[in-house]
Amino acid sequence: MLEIDKNKMRFYPIVDNFEWVRKLIQWGAKSIQLRIKINNNVPNNYEAGVYLENQIKSSIEYCKKHQCQLFINDYWELALKYKAFGIHLGYEDSHQADLMALQNAKINLGLSTHDYNELNFALKLNPSYIALGPIFPTQTKIMRFAPQGISRITEWRNLIPANIPLVAIGGISLEHGFSIYSAGADSISVISDFKSSQHPEGRVKNWIQIGECL
Ligand code: TZP
Ligand code: MG
């Protein structure tokens, strides 16, 4: 397994296509999650499976070239096929995926958790990082779980072995950055904060700067 470099993961943006991956890398991101939800994403005249595979393959290859830690959300077979740096799975996904094959291929495993049950389960799977969400209310994803609040980050940090990075996600914006890192998160994952900003590039660079101050 190519071990995760925590320092490269303070800022962990999530995007849904290769164009965004390229932009983020240009702006200095060192860790990215590619989260493609196929129904909203496929351009006209494109066969969904072909689109998906192209996006994933191009992103993996580009990130390798630029030493960026890319995690593929959900599509573990494609992550295996193209030897991604990592895969990100939710609780249900982690029951479906061939975790042994991923481990044998030395692909890092990032796992989402939303409650104690999911955390206990995730800790048994030798995760490369654990994500906790949603910290705040989010418009980006329909959640079955109430917002966790900042104090839950400290609680999770104390329940997780020190060598496993903790990622905070959900409704987070730049203004929350310091308090979330101070609460014990190693990494902050965001979508709308920079994507819906008037100046995504400036926003991303601010995030990276904050991460470098830690
Ligand atoms: N998982 C938990 S919250 C969330 C995901 C994918 C959405 C995060 O998006 P935003 O826009 O940063 O709240
Ligand atoms: Mg999933």
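Descriptive notes on the structure:
- Pairs with Cβ under 6 Å, 6+ apart, first in the stretch 114-127 and over 13 Å from ASP93 (Cα atoms), second not acidic (Asp, Glu): HIS114/PHE145; LEU119/THR113; PRO127/LEU109; PRO127/LEU111
- Summed over the stretch 103-130, residues that are in a helix (DSSP H, G or I), in contact with a strand residue (DSSP E or B) (Cβ under 6 Å, 6 or more places away or on another chain) and within 15 Å of ligand 2 (Cβ to nearest atom) total 1.
- All positions within the stretch 31-47 that are surrounded by 12 or more Cβ atoms within 10 Å (Cβ to Cβ), within 14 Å of ASN17 (Cβ to Cβ) and of a type outside the set (Val, Ile, Thr): GLN33, LEU34, ARG35, ASN41, TYR46
- GLY202 open to solvent by less than 20 Å² (accessible area, probe 1.4 Å), at negative phi and either in contact with a Gly (Cβ under 6 Å, 6 or more places away or on another chain) or not charged (D, E, K, R) (or both): no
- For the stretch 163-197, the set of residues classified as of a type in the set (D, E, K, R) and more than 8 Å from ligand 1 (Cβ to nearest atom) consists of GLU175, ASP186, listed by residue number.
- Selection of first residues in the stretch 160-185 that are under 19 Å from ALA146 (Cβ atoms) and of second residues that are open to solvent by 10 Å² or more (accessible area, probe 1.4 Å) and hydroxyl-bearing (Ser, Thr, Tyr), restricted to Cβ pairs under 7 Å at least 6 apart or on distinct chains, gives the following pairs, ordered by first then second residue: GLY170/THR138; GLY171/THR138; ALA183/THR154.
- Of all residues making up the stretch 1-28, the number that are in a loop (DSSP other than H, G, I, E, B) and within 12 Å of the chain's Cα centre (by Cα): 2
The values are calculated or read from the model by the stated rules, or taken from the named source; none is laboratory data. In this text, all values refer to a predicted model and were calculated from it rather than measured experimentally. Glycine gets a Cβ as well: all are built from the backbone with ideal geometry, and neighbour counts include every protein chain shown. Heads up: the accessible areas ignore ligands, DNA and RNA and are worked out on the full protein's heavy atoms, side chains in. Shrake-Rupley method; radii C 1.70, N 1.55, O 1.52, S 1.80 Å.
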